[in-house]
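Just below is one structure, and these are the notes that go with it.
The values are calculated or read from the model by the stated rules, or taken from the named source; none is laboratory data. Quick caveat, the model's predicted, so the values are computed rather than measured. Methodologically, a virtual Cβ is constructed for each residue, glycine included, from the backbone with ideal geometry; neighbour enumeration extends over all protein chains shown.
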Amino acid sequence: MFFGRIASQLLAFAAIAGIFGEIPIVSEWAFWFMFGAYLLWLAATRMADFKSIKWALMITLLATMAAVVGLFVYIPIVSNTAFWMMAAAYVIMVASTDMVRH
């Protein structure tokens, strides 16, 4: 589980670096790198950790769905800021997950 969280953070950091700098493959696929980081974080985190943060899970799922749909269908604000919506969903998920081992 710990390796999955590290890999997720590395993907997220690479995606953000790809937005601000030109990295050959990462810059073109930055949104999908962030999406992969989000999914990897969900996979690497036990669902027991989400009992007290159901609101955060719902908010991040809604933001993720809106961002993905905004890539394929033009939604005025969402389509222009899809990467940052995905990044915000990722940050909310990471910040609300219990990092203490039980």
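Filtered by the rule that a residue be over 15 Å from Ser8 (Cα atoms) and touching a residue at least 60 places away in the same chain (Cβ under 8 Å), region 72-98 gives a lone residue, Phe83.
Output the residues belonging to region 16-36 that are free of Cβ contacts under 8 Å to residues at least 24 places away in the same chain and not in a loop (DSSP other than H, G, I, E, B).
Filtering region 16-36 for residues free of Cβ contacts under 8 Å to residues at least 24 places away in the same chain gives 17-18, 20-29, 32-33.
Scanning region 16-36 gives Ala17, Gly18, Phe20, Trp32, Phe33.
Applying a threshold of 9 Å to beta carbon distances and a minimum spacing of six or more residues, or different chains, the list of pairs starting in region 1-15 at a residue that is in contact (Cβ under 8 Å) with a residue 60 or more places away in the chain and ending at one that is of a type outside the set (S, T, N, Q) and outside any helix (DSSP H, G or I) reads Ala15/Val26; Ala15/Trp29.
If we keep just the residues of region 41-66 that are assigned to a helix (DSSP H, G or I) and among the polar types (S, T, N, Q), which is modelled with the highest pLDDT?
Just the residues of region 41-66 that are assigned to a helix (DSSP H, G or I), to begin with: 41-44, 47-66.
Add one more test, that the residue is among the polar types (S, T, N, Q), and what stays is 52, 60, 64.
Values: Ser52: 63, Thr60: 91, Thr64: 95.
Across region 41-66, the extreme among qualifying residues is Thr64.
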